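The values are calculated or read from the model by the stated rules, or taken from the named source; none is laboratory data. What you are looking at is a predicted structure, and each value in this text was computed from that prediction instead of being measured. Positions of Cβ are generated from backbone atoms using ideal geometry, with glycine treated the same way; all protein chains shown enter the neighbour counts. These accessible areas exclude ligands, DNA and RNA; they are computed on the full protein's heavy atoms, side chains included. Shrake-Rupley method; radii C 1.70, N 1.55, O 1.52, S 1.80 Å.
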Amino acid sequence: YPIGACETDTNAESEEIISFKYDCTSDDEIEKYVYSTYDCYGEPDEIIAMSELSELDHHECNAYNGDCPYAVSCSFVGCDDECGACSEASELELITNYDTQCRPYIVDECIGNEGELLQYATCSDDLLTENLYFGTECTNTNYLFNELRGGEGDGKCIASDDDETATYYTTECNPTIIPPECNYAATGSHFYPIGACETDTNAESEEIISFKYDCTSDDEIEKYVYSTYDCYGEPDEIIAMSELSELDHHECNAYNGDCPYAVSCSFVGCDDECGACSEASELELITNYDTQCRPYIVDECIGNEGELLQYATCSDDLLTENLYFGTECTNTNYLFNELRGGEGDGKCIASDDDETATYYTTECNPTIIPPECNYAATGSHFYPIGAC
């Protein structure tokens, strides 16, 4: 598996979705992130440490060439024997109606067990060709056979053993990220607007952690970490980009400048109808409930092109995060949405046990209240003009 690349497996009948990816830690070990969402969307349900990964044989986190080039090939099981309906279906219809596996394949590398089976995958024109060899090199003299996935020829529709159904394949040779057209820092689970603060609190332990990503003068990213609410005061730690194992990509010089964003807060452990939470003050909420206040980029179509995309909007204190599957955030590719805040379905969301709920509030246009006098504001302080 290429580091950071997601595999998704779905079951159409049970509607079960499992996705996962392997990532490197700052100690050059491997962690497995497991999700119950498509394309490793959102927060993982489980993070499995390397010591618990019985399937892991070996790994590399500090290769000279960096991250692996890869393609993503998807299989859709149970199509008609000529894949007629599948080839005409939208991507959304395919993942909804057929058992699906979307798997990342390392390309342009000879890999495997030297002296035994080797493989060398290539990808062009939406066709993944996985060549198999036996020997010490991936050369014509050692060639065995190949497997094709996708394209417009023999790899598009492969009959099952009973010849009554078939598996339909699609391939994306160069999985591309659709980034925001503004300054951001992207981790494996979220696009953060530059300079916007996230706060996470634990009511029982009274622990508070907040952080934000900022750009340096060299257009690199630094993470500022605080033990205060809303990144108040001086940071406890400033982490350089070289140490940010969670950072996937970023932009510091976007034409549109800083991203528009909303801040949505969740308060976990309210009663099942959120009665007490809806009547509590903000101070009571952050004191008595586990809290996360997270900034969301709005009015931008962002994500993995050809896979999962998101487009968030905010109005009337309601954040609506729309999810799409495909290459554009359009109605034809729409999956579902998640609501946070407002006065309707996004205000109080029951937990799985139906005994407690999470209460949401959203601020669509976080604003700064400035002094009514001459001042200079940094990320941590308001300075009166001329004061030393």
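Some notes on this structure:
- Residue tally, condition more than 26 Å from Ala186 (Cα to Cα) and either of a type in the set (S, T, N, Q) or within 21 Å of the chain's Cα centre (by Cα) (or both), over the stretch 275-321: 4
- Scope the stretch 70-88; condition of a type in the set (Val, Ile, Thr) and open to solvent by less than 20 Å² (accessible area, probe 1.4 Å); matching residues: Val72
- Selection of the stretch 304-313 for residues being among the acidic types (Asp, Glu) and either in a strand (DSSP E or B) or buried (at least 21 other Cβ atoms within 10 Å of the Cβ) (or both) yields only Glu307.
- Candidates are the residues of the stretch 314-330 that are of a type in the set (S, T, N, Q) and assigned to a loop (DSSP other than H, G, I, E, B); the one that is least open to solvent (accessible area, probe 1.4 Å) is Thr330.
- Odd one out for Ser87 among (1) in a helix (DSSP H, G or I); (2) within 19 Å of the chain's Cα centre (by Cα): (2)
- Any chance Glu91 is surrounded by 17 or more Cβ atoms within 10 Å (Cβ to Cβ), at pLDDT below 90 and within 29 Å of Thr332 (Cα to Cα): yes
- Among the residues listed as Asp214, Asp219, Asp299, Asp248, the single one being in contact with a strand residue (DSSP E or B) (Cβ under 6 Å, 6 or more places away or on another chain), open to solvent by 50 Å² or more (accessible area, probe 1.4 Å) and not in a helix (DSSP H, G or I): Asp248
- Which listed residue, of Glu15, Glu109, is open to solvent by 50 Å² or more (accessible area, probe 1.4 Å), out of contact with any helix residue (DSSP H, G or I) (no Cβ under 6 Å at 6 or more places or on another chain) and at negative phi: Glu109
- The stretch 112-161 - residue that is among the acidic types (Asp, Glu) and part of a loop (DSSP other than H, G, I, E, B) and, of those, surrounded by the most Cβ atoms within 10 Å (Cβ to Cβ): Asp126
- In the stretch 337-352 there is no residue that is surrounded by 15 or more Cβ atoms within 10 Å (Cβ to Cβ), acidic (Asp, Glu) and in a loop (DSSP other than H, G, I, E, B).
- Within the option set Tyr64, Tyr105, Tyr33, being assigned to a strand (DSSP E or B), out of contact with any Ser or Thr (no Cβ under 7 Å at 6 or more places or on another chain) and hydroxyl-bearing (Ser, Thr, Tyr) holds for one residue only, Tyr33.
- In the stretch 6-30, the residues that are more than 17 Å from the chain's Cα centre (by Cα) and not in a loop (DSSP other than H, G, I, E, B): Thr10, Asn11, Glu16, Ile30
- The stretch 256-273, subset within 20 Å of Asn202 (Cβ to Cβ) and under 29 Å from the mean Cα position of the chain (by Cα), residue most open to solvent (accessible area, probe 1.4 Å): Val268
- Breaking point among (1) in contact (Cβ under 8 Å) with a residue 40 or more places away in the chain; (2) assigned to a strand (DSSP E or B); (3) farther than 30 Å from Ala166 by Cβ, for Gly78: (3)
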